[in-house]
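Since the structure comes first, as structure tokens, the remarks are kept for the end.
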Amino acid sequence: MKVLVIGGGGREHALAWKLAQSPKVQAVYVAPGNGGTALDPRLENVPIADLRQLRDWALKERIALTVVGPEAPLAAGVVDDFRTHGLRIFGPTQAAAQLESSKAFAKAFMARHQIPTAEYQTFTDAGLAHAYVDEKGAPIVVKADGLAAGKGVVVATTAAEAHEAIDFMLLDNKLGVSHNEGGARVVIEECLVGEEASFIVLCDGRNVVALATSQDHKRLMDGDQGPNTGGMGAYSPAPVVTPEVHARAMREIILPTVRGMEKDGIPYAGFLYAGLMIDAQGQPKTLEFNCRMGDPETQPIMMRLKSDFYDVMMAATSGTLDQVHLDWDRRTALGVVMAAAGYPMDPRKGDVIRGLPKEAEDAMVFHAGTLAQGNTTVTSGGRVLCVTALAETVKAAQQRAYEVLRGIQFDGAQYRRDIGFRAIRG
């Protein structure tokens, strides 16, 4: 069988890498892929960015299964288009993907279906938004309503910071974000306190299977300091998601979401990522929904998955996830992101990467912002690599990942030195 993975980041490298391990899969294509997928003989990059051209290519190549990695193609309706032409594809429809593509849609949906989340209001008028911040005070969270590549959220510790974010997102619209009805819009919500975790499940429209739990690190620097990023590292499993928290998340958040989407006439099939804030009493609340796997959470999760991922995806696109049981490596997987100089605001491109190791049973370097140029690999994006390792404990996985990382060099490389610190400390 031929399989296509849409996307070019670390998440897509990990998904393609896992799909290629299935004995039922004869070829895995990645569109557009990256320098790491170009280096892997089991994978083949497809340099097609236009989604309709990609659909025509998939029809011509008789692709048996397509898996969508990033959010932008989902919001653009790639699933609707592929399905219309008889292609099997895993991901939510354009309407269902509003859970991620519109923060306002997601918050209104959660309010309507009594799904635990932060108190909020939505604004298109900057004056009213400023007045709301003055009324509520800080800390407070300001979110751009639309896809902003992980940069559309400001956790304001002061009212001045919140006012600045409102002007940036609404008056200046520096992010260039438009919500689904056009124009700039913000969601302002209370700042929840606790510990974050990534809760990712597979949905087939009715049935749900939870993936291994994980936790990522959003801030650029050690100790959760510095600016927000797309994610600087992750590990799985996440100790903060106890069996009790897991049960509550499924019962109070995930299942009501899937049932609610079905009730609203928008059945949800695809990866569903609930970003959770878990308070001191073990009560999870929903920070946000993503309609895709997380990055870098996917890399450690795929390292731990022992089941045939192709079989899982075929069940998920056949409505038979109720017959699936996932088998996990009991070890901990931990991934450390190496980012380019200047990331997150102005990442530098074109730096030569040296010392890339071969894949090992307990370690894998997943590529994100890389490009193959002849016999060399160079940086081509903000987050460049995710060095991922498996070991018996979080501490041992951390040590193994950093051991591999120290052999890799490129000018200006940035990485945190404390990935996994919460689990080790806790």
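Within the bounds of the range 394-410, is there any residue that is free of Cβ contacts under 8 Å to residues at least 12 places away in the same chain, of a type in the set (S, T, N, Q) and out of contact with any strand residue (DSSP E or B) (no Cβ under 9 Å at 6 or more places or on another chain)? No: zero hits.
Note on the range 179-217: among residues that are under 21 Å from the mean Cα position of the chain (by Cα) and within 14 Å of K143 (Cβ to Cβ), the one that is modelled with the lowest pLDDT is H179. Residue count for the range 383-426 satisfying the condition of being in a loop (DSSP other than H, G, I, E, B) and either buried (at least 17 other Cβ atoms within 10 Å of the Cβ) or hydroxyl-bearing (S, T, Y) (or both): 9. Annotation: Q121 fulfils all but one of (1) in contact (Cβ under 8 Å) with a residue 12 or more places away in the chain; (2) open to solvent by 70 Å² or more (accessible area, probe 1.4 Å); (3) in a helix (DSSP H, G or I); the unmet one is (3). The residues of the range 346-401 that are over 27 Å from P32 (Cβ atoms) and not aliphatic (A, V, I, L, M), listed by number, are E361, D362, E392, T393, K395, Q398, Q399, R400. The sole residue among R88, R83 that is closer than 24 Å to V312 by Cβ, free of Cβ contacts under 8 Å to residues at least 24 places away in the same chain and over 20 Å from the mean Cα position of the chain (by Cα) is R83.
Results for (1) open to solvent by 60 Å² or more (accessible area, probe 1.4 Å); (2) in contact with an Asp or Glu (Cβ under 8 Å, 6 or more places away or on another chain), shown as yes or no for each residue.
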{"residue": "M1", "(1), (2)": "yes, no"}
{"residue": "G10", "(1), (2)": "no, yes"}
{"residue": "K24", "(1), (2)": "yes, yes"}
{"residue": "R55", "(1), (2)": "no, yes"}
{"residue": "E71", "(1), (2)": "no, yes"}
{"residue": "R83", "(1), (2)": "yes, no"}
{"residue": "G91", "(1), (2)": "no, no"}
{"residue": "A97", "(1), (2)": "no, yes"}
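If only residues of the range 218-245 that are under 14 Å from G382 (Cβ atoms) and either out of contact with any strand residue (DSSP E or B) (no Cβ under 6 Å at 6 or more places or on another chain) or not in a strand (DSSP E or B) (or both) are counted, the one that is modelled with the lowest pLDDT is N228.
The values are calculated or read from the model by the stated rules, or taken from the named source; none is laboratory data. The structure displayed is predicted, hence computed values, not measured ones. Cβ coordinates were reconstructed from backbone atoms using ideal geometry, including for glycine residues, and neighbour counts include every protein chain displayed. In case anyone asks, the SASA skips ligands and DNA or RNA and just uses the protein heavy atoms, side chains included. Shrake-Rupley method; radii C 1.70, N 1.55, O 1.52, S 1.80 Å.
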